[in-house]
Structure formats: structure tokens, C-alpha cells
Amino acid sequence: MFSRKTILIGFLFFQFSSLISQVKGIVVDEDNTPLEYATVAIYNQTNNALIAGIVTDSLGAFSFTNLAKGNYFLKVSFIGYNEKTINNITINNSKNIVNTGTISLTLGTSLNEVIIKSERATVVNKIDRQVFDAEKFKNAQGGSGIDVIRNLPSVTVDGQGEISVRGSSGFVLLLNGKPIQGNAASLLGQIPANSIERVEVITAPSAKYDPEGKAGILNIITKKGALDGSFAQINIKGGFPSIETYDNANAHQRYGIDATYNLQNKAWNYSFGVNYQRNDIGGRREGDVFTIINNKQTRFPSTGERSTNEINYSGRFTVDFTPNENNEFSVGFFAGKRDKDRLADIVYFDNHAVNPPNSNNRLYTFQYFNHNLLNRKSDFALGSFDYKHTFENKATISTSLLYEYTLLGGPTINQNLGFPDETILYQDEFNTNNNPLHGTRFQVDYSFAPFENGLLETGYQFRSLDHTGDFVYERRTNFNDPFQLVPEFSSEVNLKRIIHSVYGQFTGKSAKWDYAFGTRLEIMDRTLDLKDKANTLDERYEYDFAKLFPSASIQYALNEKTNIKAAYSKRVERTTTFKMNPFPEREHSETLEQGDPNLLPEFIDLVEVGFNKKLKGGNSINATAYYRHIKNLVNRVNTVYNDSILNRIYSNVGNANVVGLELSTQLKPTDNWSNFIGVNVYNYAISGEFDNRPVNSETTVYGINLNNTYSFWKNASLQFTFNYLSERVTAQGEDSRFYSPNVTFQKSFFEGSLVATLQWQNIDMGLLNSNEQRITTFRPGEFYTTTNYIYEVDVVMLNLTYTFKKGKNKSKFIDSEFGKQEF
């Protein structure tokens with residue numbers, strides 16, 4: 001039985017029989033990728049009269065039924081692609097079924113007896129998304145998915161590694177169309193850039209997608225193919241010794257290897273992949289903090305090492321079985337380990353207190369050394385099973401089941417020692433946690449064409465998350481003493497979340513119009529149980545909702561090269577277990593971090609209006625204006641814990657409004673020189689309160705992503721990229737600008753089988769302030785903190801990729817949906 005707050009969801013699937021005349025087929029692009037929303041029109045071949053028109057579904061499929069006896073021809077088109085005509089289609093009787101098979105469309109314009117060699121477009125615009133070709137971003141080769149997406153107009157990656165889409169870190173990641181309920185940076189860091197074919201940016205998603213993610217969806221499409229045979233690729237990368245060492249204790253290591261093997265025949269597809277990456281980043285941290293308590297100001301400036309060492313390794317496989325054109329089975333498994341150390345060895349060189357504030361009346365002067373090592377581990381294993389059936393009338397039903405187990409953990413060591421005599425111990429703290437996570441997702445979808453010019457899709461999804469945590473905080477003040485439990489910082493935190501959702505969506509096309517509208521009903525039950533180690537607290541926090549999440553999008557083609565579009569989508573941004581844990585964690589010497597068990601999810605309304613136009617010579621221009629309203633905005637805010645420690649708290653601080661304009665253009669002045677430029681400008685305003693004080697801040701933010709490529713000859717190119725993010729505000733302060741220039745030289749050998757990529761990342765040469773970011777927060781009369789994070793510059797990498805080209809890659813691996821969100 002469900003709880004009284006849960007609606008019982010019943011779901012009925014049905015189909016139409018196909019004992020009638022029919023013409024069907026599938027439309028794909030040059031890479032054999034299905035083209036959704038392509039237009040297919042059928043004509044009478046005798047008098048050229050239009051009989052009917054239809055739009056392809058998400059699999060590129062179309063079907064015409066109830067055709068009279070006679071001869072017909074098809075015209076297949078999609079904006080930006082050459083139109084194709086299929087002649088001599090004959091219907092002999094009322095039960096005749098004609099399968100045109102796979103119809104492939106090509107980009108650009110073709111002329112009779114003229115061969116045109118054109119560059120593949122960096123971006124292709126569709127009614128609900130922008131599709132970016134990952135191979136255009138050579139600076140990402142040998143790297144990870146993060147290196148690919150940092151080139152997109154909507155995306156910025158700051159110095160902390162936080163990924164934002166249109167200024168928001170809240171977005172959903174899909175892997176080959178499957179929802180991944182995890183931390184995007186963690187997942188993308190695991191995916192080799194060489195395995196990514198394209199990235200789809202869906203900023204106003206339709207009802208068929210989960211409503212999660214206030215900034216929309218990034219869909220990562222891995223390379224795949226449709227030819228029988230085998231495909232194998234191996235990628236090796238290595239980093240040159242660091243040019244800037246920042247006096248870090250250890251030399252930084254950067255190397256890795258990943259390999260993919262794919263074997264396919266008519267019925268079977270086997271895909272295997274392994275990946276090992278070591279990626280260390282050096283750097284320093286310079287900070288200045290003061291607090292004010294009872295008219296006494298305590299100041300503790302600092303400087304020292306802040307570096308990270310990260311090791312990832314994993315293995316995956318999928319087995320696909322297609323016994324016939326109507327049935328597809330797929331089994332997948334993914335397992336691996338992640339280990340990341342963040343070292344902060346900081347000298348607090350001038351701790352002092354004055355009374356009154358900002359005077360020269362020092363009460364004391366003190367200095368000490370803080371050794372802080374934050375380790376995060378994740379051992380995970382997950383498996384999935386998928387099945388899809390296609391009926392004779394092209395209606396489809398598909399099911400997907402995923403189960404995940406992830407063991408998250410890792411200790412934090414925080415030692416306050418004497419300086420310069422580090423044998424003196426003032427405080428030694430050790431806090432660790434083991435928090436296993438169990439996640440289950442089941443989904444079933446059904447689609448059919450009730451009308452000749454439209455597609456109806458409907459489905460049900462069940463998601464279950466069970467996340468238990470055991471957080472232990474220990475302390476000692478003498479190296480010879482045992483650690484003692486600190487009960488007020490030690491806890492048990494158990495989160496359970498159940499989600500039922502059902503959706504319906506209709507998509508269609510008429511003349512020059514494309515449209516889609518639908519809604520999704522979601523019912524969520526969330527239970528959070530808290531206990532402390534002193535057995536003085538045993539509390540339960542419950543939160544439920546049942547909400548509709550409508551969506552609509554429409555696109556109008558002014559002509560074959562120009563279209564305009566508009567969209568609306570309602571979204572939700574859920575909170576992680578970490579952000580709801582109210583027990584403080586000692587992040588480092590000057591900071592505690594804790595969550596709020598009453599934290600509400602954010603609810604978002606997205607509206608956007610867009611324009612895109614293809615110009616001569618492969619050039620194009622795109623513009624999108626957007627508005628986003630966020631209710632229950634979650635921000636990390638600070639309070640004073642004691643004279644030398646700030647307490648960071650995740651809290652609902654009010655509402656926010658974002659109004660922005662996104663521009664991108666592809667310019668090719670010559671055959672050898674191409675440019676892709678993306679600019680995102682938005683106004684961000686927060687209005688609300690925290691701790692009974694108003695929160696009102698507003699700023700205009702802009703980001704620039706520039707990609708400039710020059711091809712010397714057929715198999716060699718030089719690419720310059722520049723990523724810039726301006727200053728931006730938070731609920732209590734601001735983050736500084738952040739930028740990174742990069743140069744990549746790439747050359748292929750042996751007819752493209754071997755590709756060498758030499759990268760110069762974060763160019764600085766002692767002349768710039770590349771890869772550097774300052775974060776400032778303050779509360780007048782209580783505290784002020786500013787920290788400048790200086791990350792490694794002038795990093796030189798060499799990447800070698802060798803491909804055994806007996807076939808094409810069809811690797812489509814599963815990935816974590818739950819665990820990465822908490823890593």
C-alpha cells in the first residue's frame with residue numbers, strides 16, 4: 001500500500017493492428033544516427049499530388065497507413081540537410097507493407113556532377129536542442145568529458161571545477177539518452193573525451209524527460225556505428241614535468257590509458273571498455289579572514305599548498321542482441337574505483353586579535369601550520385537490462401531496469417601544528433564516513449502515431465534511493481593519546497526517496513511548423529532519519545509532493561536556412577544527502593560545513609525564444625533569449641562558529657531570476673580557417689533572507705568560449721581556445737573572473753589510424769593570471785573572508801590515439817545514476 005500522500009498510478013498500454021497497407025522506414029544522418037523530427041511526405045507518382053506528411057520519431061522512424069492501391073514516391077527532408085527522394089513505391093493491395101529501409105541524409109548542398117567537400121557543422125539546431133560535434137574540440141583530445149563541454153556556449157567551468165549551464169550548476173546529465181542522477185563533474189571526469197561523438201544541450205526539456213535540473217539537460221552521446229565487423233581504439237596520454245611547481249611537496253603526475261573494443265554482426269553487438277587515469281593538479285591558496293565577536297576582531301591570513309591527486313579506473317561492457325527488426329535486448333555492467341586527495345598545507349602566519357575592530361590594539365599574535373588532507377573514495381558496481389519491441393505499425397514499447405550499489409567514503413585529516421616547529425600538536429582531528437548507496441530505476445515507455453503527422457509518447461518511471469551514512473568525528477591534542485569521539489559532530493544519516501512519475505507528450509509537424517507539448521506527473525516521498533552518536537537525538541524529517549511539470553516547444557521555418565523557436569519547461573532541483581546533513585563536518589582549519597534537514601527542493605520555470613540561420617560557406621549564427629525563475633533557491637551561506645572558524649550552511653535563501661542572451665556563430669573566412677564563438681550574457685538577481693536578514697544581490701555575468709582552428713594541410717591542424725567567465729555574485733559575496741587560454745597541435749598518420757595531439761593548457765608564461773580564481777564572502781559586522789585559488793598553469797600534455805578501423809564503434813555503456821551525485 002502507498003502512503004496517504006501518494007497517488008496510486010495505473011498505466012495501460014495499447015497498440016493498433018497493422019493489417020493494412022503501409023509504407024515505413026527510418027531516417028538517419030551520415031553517421032547512421034536517427035534523425036528525430038525529420039519531415040517525410042508521400043506523393044502520388046502519377047499526378048505528383050501530396051497524399052500526407054509526417055514527422056519521424058525519436059528513433060528516426062516513420063509510417064504511412066491506409067494507402068490506396070497505386071504508385072507513390074517519398075520526399076525526405078531536415079533543416080540543414082539535403083532533401084532525398086525515394087521513387088517507385090508500389091501498393092498492390094490493402095495489406096501490402098513496403099519497407100524503404102534506412103534513408104540517409106547528408107549535410108550541406110549537393111549539385112549534379114560536382115563533388116563538394118564541406119566541413120561538418122560544429123552545431124546543429126533542432127526544435128528542442130543544440131547538437132555539438134565533439135570532434136571539433138581538439139583541445140579535449142586525451143582528456144575527459146569536462147574538456148569537451150567547456151567549449152559549449154551555454155557551459156562554463158570555474159576554478160573549483162564546478163560546471164554551470166547558463167550560470168547554474170543544477171543540470172541533469174544523460175549518457176546516450178539515459179538519465180544519470182549523479183554529480184556531473186564526477187561522471188564527466190570518468191568519460192574519455194575520445195569516446196564522445198557529440199553533446200546535446202537541451203535547455204528546455206520536454207515532458208518525456210525527468211523534470212530534474214534547473215538549467216536543463218546535457219546528453220552525452222558516445223561513438224557508435226552500424227557496420228558489421230570489429231572496432232578497436234586505444235588512447236594513451238602523458239604529461240610533461242610541471243613548469244610551475246608552486247613549492248608543492250610532491251611532483252605531479254599525469255598519465256592515462258583507455259581502450260574500447262566493439263564487435264558486431266547482424267544479431268549481436270559486444271562492447272568492452274577499460275580506463276585508467278592519473279591526473280594531479282598543483283597549486284597554491286592565499287587567504288585572509290576575520291571574524292567579529294563581542295567587539296573583538298580576530299584575523300587569520302594564510303598561504304600554502306593546495307593541490308589534488310586523482311586516480312580513476314573502471315571497466316565496462318554491454319551485450320546487445322537483436323534477433324529481428326522488432327526486438328532488441330541489452331545487458332550492461334559497469335564497475336570501478338575513484339580516489340581523490342585534496343591536500344591543503346597552509347601556514348596561518350599572522351593570527352591576531354584586536355579590540356576594538358580595525359584598531360592596532362593587538363591582544364595577541366600567533367602563527368601555526370595546518371595540514372589538511374581531504375580524501376574521497378567511491379567503489380561502485382551497477383548493472384542494467386533493457387528491452388525494446390517494435391510493432392508492425394511502428395509503435396514501440398521499451399523497458400529499462402538499472403540497479404546500483406556504491407560505497408562512498410574517505411577520511412579528512414585536519415592537524416593544527418606549531419610553526420616553524422611542526423612537532424608541536426595543538427589539535428588533531430580525524431573524521432571519516434561510510435555511506436553505502438542503493439539505487440533502483442525502472443522505466444517503461446510507449447510511442448505510436450495516432451495521426452499521420454504526429455507522434456504520441458507516454459511512459460512510467462519508478463526511482464528508489466536508499467542512502468545510509470555513518471559519520472564519525474574524532475579528536476586528540478597529543479600524538480601519544482588515542483582519538484576521542486566528538487558526539488556533537490558524529491552522526492547517522494539515512495535518506496530514503498521514492499519517486500513515481502508518468503508522462504504524456506505529443507510531437508508533430510505541419511507545413512513549416514514543428515511542435516511538441518506534454519506534461520509529467522511526479523510523486524515524491526522523502527524521509528530523512530537522523531541520530532547522533534551520543535544517543536540524544538533521534539529525529540525523522542518527511543517531505544512529499546505531487547506536482548505537474550508541463551512543457552511545450554514550437555519551431556517555425558521562415559525558409560530552408562532560417563527558423564525561429566520558443567519553449568517552456570517546468571523543472572525541479574533536488575537536494576543531495578550531504579546538503580541535508582545538519583551535523584557539521586570539519587572541512588579544514590577555518591571551516592565547518594553542514595546541511596539543513598528541512599531543505600526544500602528548488603522549483604524552476606524556464607522560458608526561451610531562439611533564432612538560428614545558416615549562412616553561405618558553412619557559416620551560421622544562433623541566438624537564444626531566456627528567462628529562468630527559481631523558487632526556494634539553495635545557496636551555501638556562512639555564519640560565525642567561533643573566533644577562528646566559519647560555519648558553511650546550505651539553506652533556502654529565497655528566489656532568483658535569471659534573464660539572459662546566448663549567442664553563437666560559426667565563421668569560416670577561408671577553407672583552412674574556421675572559428676566557433678559562443679557568448680552567454682545574463683543578469684542574475686537573488687531576493688530573500690537568511691538568518692532573519694535580507695539577501696538581495698544582483699549582477700550581470702558573461703562567459704566567452706572561443707575556438708579557432710587552422711588546418712595546415714589535410715592531416716595537421718592548430719587550434720586555439722579561450723574560455724572566460726566574468727565576476728558573479730552569491731548570496732553573501734562574489735566570485736572573481738576566471739579564464740584559461742589553450743593551444744593544441746594535432747597531426748594524423750597512417751591514413752588517420754594514428755593521431756598525435758600536443759596540448760599546451762592554461763597558458764600563462766608568468767605574464768597572465770590564468771587558471772586563478774578568488775572567492776569572497778562577507779557579512780557586515782560579523783565576518784569577511786577572501787581566498788585566491790591559484791591552479792597549475794602551462795601544463796603540457798601529449799596524447800596518442802590509435803584506431804583499428806575494421807568497423808565502427810557502437811559502444812553505449814551504462815553509467816551511475818545515483819552514486820556520483822554524492823561523491
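For PHE479, the conditions (1) of a type in the set (A, V, I, L, M, F, W, C); (2) part of a strand (DSSP E or B); (3) at pLDDT 90 or above are fulfilled apart from (2).
Conditions (1) surrounded by fewer than 19 Cβ atoms within 10 Å (Cβ to Cβ); (2) without any contact (Cβ under 8 Å) to a residue 24 or more places away in the chain; (3) among the hydroxyl-bearing types (Ser, Thr, Tyr), marked per residue:
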{"site": "ASN361", "(1), (2), (3)": "yes, yes, no"}
{"site": "LYS394", "(1), (2), (3)": "no, no, no"}
{"site": "PRO411", "(1), (2), (3)": "yes, no, no"}
{"site": "THR458", "(1), (2), (3)": "no, no, yes"}
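Hey, among the residues in the stretch 633-644 that are farther than 17 Å from GLY213 by Cβ and assigned to a strand (DSSP E or B), which one's farthest from the chain's Cα centre (by Cα)? The residue in question is ASN642. Of the candidates ASP691, ASP643, the single residue that is closer than 30 Å to ASN355 by Cβ, of a type in the set (Asp, Glu) and exposed (fewer than 15 other Cβ atoms within 10 Å of the Cβ) is ASP691. Scanning the stretch 292-313 for residues that are surrounded by fewer than 20 Cβ atoms within 10 Å (Cβ to Cβ) and more than 30 Å from THR786 (Cβ to Cβ) returns ILE311, TYR313.
Scanning the stretch 435-456 for residues that are buried (at least 17 other Cβ atoms within 10 Å of the Cβ) and under 24 Å from the mean Cα position of the chain (by Cα) gives ASN435, LEU437, GLY439, ARG441, GLN443, VAL444, ASP445. Restricting LYS714, LYS805, LYS812 to residues that are in contact with a strand residue (DSSP E or B) (Cβ under 7 Å, 6 or more places away or on another chain), charged (D, E, K, R), over 30 Å from ASN295 (Cα atoms) and at pLDDT below 90 narrows the list to LYS812. Per this entry, VAL354 is not counted among residues that are assigned by TED's automatic domain parsing to the domain that holds PHE300, β-branched (Val, Ile, Thr) and closer than 30 Å to LEU407 by Cβ. Here's a check for you: in the stretch 239-261, which residue that is hydrophobic (A, V, I, L, M, F, W, C) and more than 26 Å from the chain's Cα centre (by Cα) is farthest from ARG284 (Cα to Cα)? Here the answer is PHE240. Only one entry in ASN326, ASN309 is polar (S, T, N, Q), at pLDDT 90 or above and over 23 Å from ARG774 (Cβ atoms), namely ASN309. Pick from LYS509, LYS561, LYS570: which is in contact (Cβ under 8 Å) with a residue 24 or more places away in the chain, closer than 20 Å to THR624 by Cβ and over 28 Å from the mean Cα position of the chain (by Cα)? Going through LYS509, LYS561, LYS570 in turn, just one is in contact (Cβ under 8 Å) with a residue 24 or more places away in the chain, closer than 20 Å to THR624 by Cβ and over 28 Å from the mean Cα position of the chain (by Cα): LYS561. Taking the criterion of being over 26 Å from VAL289 (Cα atoms) and surrounded by fewer than 21 Cβ atoms within 10 Å (Cβ to Cβ), would at least one residue in the stretch 770-789 satisfy it? The answer is no, given that none of the residues of the stretch 770-789 is over 26 Å from VAL289 (Cα atoms) and surrounded by fewer than 21 Cβ atoms within 10 Å (Cβ to Cβ). Only one entry of LEU592, LEU606, LEU600 meets the criterion of being outside any strand (DSSP E or B) and either in the same structural domain as ASN435 (by TED's automatic domain parsing) or crowded, with 19+ Cβ neighbours inside 10 Å (or both), and that entry is LEU600.
When we screen LEU768, LEU798 for residues that are part of a strand (DSSP E or B), over 24 Å from the mean Cα position of the chain (by Cα) and at pLDDT below 95, the only hit is LEU798. For the stretch 730-759, the tally of residues that are part of a loop (DSSP other than H, G, I, E, B) and among the hydrophobic types (A, V, I, L, M, F, W, C) stands at 2. Considering every residue within the stretch 700-710, establish whether at least one is at pLDDT below 90, surrounded by 22 or more Cβ atoms within 10 Å (Cβ to Cβ) and among the small types (Gly, Ala, Ser). No. Restricting attention to the stretch 400-420, the residues being over 24 Å from the mean Cα position of the chain (by Cα) and polar (S, T, N, Q) number 4. Among the criteria (1) under 22 Å from ALA41 (Cα atoms); (2) surrounded by 20 or more Cβ atoms within 10 Å (Cβ to Cβ); (3) of a type in the set (Phe, Trp, Tyr), the one PHE549 does not fulfil is (1).
Please work out if LEU667 is out of contact with any Leu (no Cβ under 6 Å at 6 or more places or on another chain) and modelled with pLDDT of 90 or more. So LEU667 fails the test. Among the residues of the stretch 611-632, those identified as touching a residue at least 60 places away in the same chain (Cβ under 8 Å), part of a strand (DSSP E or B) and not hydroxyl-bearing (Ser, Thr, Tyr) are ASN612, LYS614, ASN622, ARG628, ILE630. Starting from the stretch 476-489, take each residue that is without any contact (Cβ under 8 Å) to a residue 12 or more places away in the chain and list its partners that are among the charged types (D, E, K, R), counting only C-beta distances under 7 angstrom and pairs at least six apart or across chains. Once the first residue is without any contact (Cβ under 8 Å) to a residue 12 or more places away in the chain and sits in the stretch 476-489, its partners that are among the charged types (D, E, K, R) give PRO482/ARG476; GLN484/GLU474; GLN484/ARG475; GLN484/ARG476. Residues in the stretch 664-683 that are closer than 30 Å to VAL729 by Cβ and not hydrophobic (A, V, I, L, M, F, W, C): SER664, THR665, GLY678, ASN680, TYR682, ASN683.
The values are calculated or read from the model by the stated rules, or taken from the named source; none is laboratory data. The structure presented is a predicted model; accordingly, all values stated were derived computationally and were not measured. Cβ atoms come from the backbone with ideal geometry, glycine included; neighbour counts cover every protein chain shown.
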